[in-house]
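Single-structure report; data block below.
Each reported figure results from applying straightforward, stated rules to the coordinates on display, with no laboratory input. All values derive from a computational prediction rather than experimental measurement. Note that each Cβ is placed from the backbone with ideal geometry, even for glycine, and that neighbours are counted across all protein chains shown.
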Amino acid sequence: MKITCDNCKESFELKKLKQRSLGDEIQETYYNCPNCNKEYRVCITNKSIRELQNKIEQKKLIIRIETKKGCKNIKEVFELENLIKKHKKKMDKLNNRKRRVGSKQV
Ligand SMILES: [Zn+2]
């Protein structure tokens, strides 16, 4: 993924995201511009969001295996869609995506 830094206008390839704990079981995913070192937040997650993410990955795996076997697992697909919706809602709420990007810009 190619990214242009807002600060120094340098383009760079985003290779690795960094993670750190913000306390209270909240984790921040971010990256730095390799040129000027400006920090960009990707998202923050909390414990329940990470649990949902795990569930989503598990469901995806089950569906992949079942599909390989030739089964169409409608119930699992339906559950996966619900999990993804729930996950998106929580992420939007935690990351303030509906409103402007929080006042604490990094
Ligand atoms: Zn930069």
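Of the candidates 73, 95, the single residue that is of a type outside the set (Phe, Trp, Tyr) and within 24 Å of residue 4 (Cα to Cα) is 95.
Restricting the stretch 43-80 to residues that are among the basic types (Lys, Arg) and within 30 Å of residue 21 (Cβ to Cβ), the residue that is surrounded by the fewest Cβ atoms within 10 Å (Cβ to Cβ) is 47.
When residues in the stretch 39-70 are screened for being of a type outside the set (Ser, Thr, Tyr), out of contact with any helix residue (DSSP H, G or I) (no Cβ under 9 Å at 6 or more places or on another chain) and more than 30 Å from residue 3 (Cα to Cα), 7 of them pass.
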